[in-house]
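K.L.:
Structure in structure tokens, see below.
Coordinate-derived values only; no laboratory data. This structure is a prediction, so every number in the text was calculated from the model and none was measured. So basically every Cβ, Gly included, is an ideal-geometry build from the backbone, and we count neighbours across all protein chains shown.
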Amino acid sequence: MPISLDDITITSFPKLFDQIIDEKQKVGLKPIQNNPPDLLERAKLYGTQFRNGSWNWASNIWNRSAAGSVVVEREEDMRVEHRMLMLRVLEHILDQPLIQADATLGQKGSKGEMKCRLYCDAQFPDVAYRWQAVNFPGDPDAQPDAQLFMIPHYLENPNVPGKNEMLKVIRFPFHNYTIVVASSYMGEAKKGFLSHWIYEIYKRGGTGEHASLKEFTVKRVDGTSKNIVMSVWGLTGSGKSTHGHYVYDEKIAQIYIDKFGINPLEFISNQLIRNDDVVAVFEDCVVSPERGCWTKTEDVDVTQHAIYNAGMSPNALHENTEWDEHGDVSFRIKTRGASSSWRTPATSTEMSTHPDRSTWPCSSAPDISRTMLG
């Protein structure tokens, strides 16, 4: 089916996509692999299994392409470069099957529930598998609230209009979809949907925050206890996961005893990690979009034992993570872009106490401590 540059608009792209799918099905082709159950087995063919049993994949780009990303709100903001990339994506889909992966951001029935659908080039099942693993289960038969089209191949991408930077990501916030081209970095799918989720939360009367979330009990001077929910605000790479996942145990407490003469375990208890990246704050509750964690792991050591134990788990899923002289996971070597994800880590009870809980009433945690990171 011929498609020209003049056919490409914000509203026409999803319609043209649906038309391509219909045309391919009519002639007996299978354009969509709908939530295939064997994504991990496919991905293992080009992944690396560490000695502890966990799996690692290498992405063609090791970080989010912020400089190559644009947000287009209205038709009048469309430029020829945007339409060129959108056309090349549709042309690629004419010849290439896609994996349809459905997931839900926010627990079902919560104020943060948003149905998401990822269409990913079938040559990259690890991206679809890991993105689904970190989120709540989706419904393949439901109409998605947001869609993301991920084609990790280079498609002779034009530059960002007016810049000497390759155009890789186009986000249409008011039309509920994102296009990612030339990057197999799973963070583009994760952050793409979270961006749509934050806007959806705003429309529902809440505010989406780039912050981690943890919960713990403190002992007051008068001997009474108080439950605290703490959010750690910060930009990407500023330490939200590092501080949000910081949990005191006997070994960490000993460091404080030696250096400061204080044992934090005498006044901090019931430590629970809730989320590491983005949360929604409503008047009556705080909502987490994800049931798992996906975080940077460069230079992580045993003093960050929650992240370290989970990252060393055989259940962890790695991206660009190094290996040591024994063929096992290593965070010692500085590897640009090393990341790990997990849902219910086997060796970190703090991180898996409530693996499927994503909403907490503000009434049960009246204080929200805030830490700003520069």
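K.L.:
About the Cα centre, and with charges only on the beta carbon of Lys, Arg (+1) and Asp, Glu (-1), how big is the dipole of the stretch 5-205? Nearest 20 debye, please.
P.N.:
680
K.L.:
Going down the table (K26/K108; K111/K219; K163/K296; K219/K240; K30/K191; K30/K163), which pairs top 27 Å between alpha carbons?
P.N.:
Too far apart for the 27 Å limit: K26/K108; K111/K219; K163/K296; K30/K191; K30/K163.
K.L.:
Something else now. Is the chain rounded, prolate or oblate when judged by the Cα gyration tensor, a ≥ b ≥ c being the square roots of its eigenvalues, rounded requiring a/c under 1.5 and prolate requiring a/b larger than b/c?
P.N.:
Taking the square roots of the gyration eigenvalues as a ≥ b ≥ c, the chain is prolate.
K.L.:
Does anyone have the angle between helix 125-134 and the longest principal axis of the chain? Alpha-carbon axes, 0 to 90°, nearest 10?
P.N.:
40
K.L.:
Could you work out the helix-only [θ] at 222 nm for the chain, with each DSSP H run of four or more residues adding -39,500 (n - 2.57) and the total divided by the number of residues, to the nearest 500 deg cm²/dmol?
P.N.:
Helix-only estimate at 222 nm: -7000 deg cm²/dmol.
K.L.:
Return the sequence-ordered ³J(HN,Hα) values of the stretch 31-38 in whole Hz as given by the Karplus equation 6.51 cos²θ - 1.76 cosθ + 1.60 applied to θ = phi - 60°, using x for Gly and Pro.
P.N.:
x, 10, 9, 7, 6, x, x, 9
K.L.:
With a cut-off of 8 Å between alpha carbons and a minimum separation of six or more residues, what is the relative contact order of the chain in percent?
P.N.:
For the chain, the relative contact order is 18 percent.
K.L.:
Name the shape class, rounded, prolate or oblate, that the alpha-carbon gyration tensor gives for the stretch 160-276, where a ≥ b ≥ c are the square roots of its eigenvalues, rounded holds for a/c under 1.5, and otherwise prolate holds if a/b is larger than b/c and oblate otherwise. The partial results should precede the final answer.
P.N.:
Details: a/c = 3.94, a/b = 2.18, b/c = 1.81.
It is prolate, given that a/c is not under 1.5 and a/b is the larger ratio.
K.L.:
Hey, what angle do you get for helix 80-95 against the long axis of the chain, alpha-carbon based, 0 to 90 degrees rounded to 10?
P.N.:
Long axis of 80-95 versus the principal axis of the chain: about 80 degrees.
K.L.:
Nearest 10 degrees, 0 to 90: what angle lies between the long axis of helix 250-260 and the longest principal axis of the chain (Cα atoms)?
P.N.:
Approximately 60 degrees, to the nearest 10.
K.L.:
Cα to Cα, under 14 Å, and not fewer than 8 places away if on the same chain: which aspartates and glutamates meet these conditions relative to K115?
P.N.:
Those aspartates and glutamates meeting the cut-off are D102, D139, D141, D145, E200, E290.
K.L.:
Within a Cβ distance under 13 Å of Q100, other residues only, what is the Lys/Arg minus Asp/Glu net charge? Could you put the intermediate results ahead of the total?
P.N.:
Working: positive: K30, K115, R117; negative: D18, D102, D121, D139, D141.
Result for the neighbourhood of Q100: -2.
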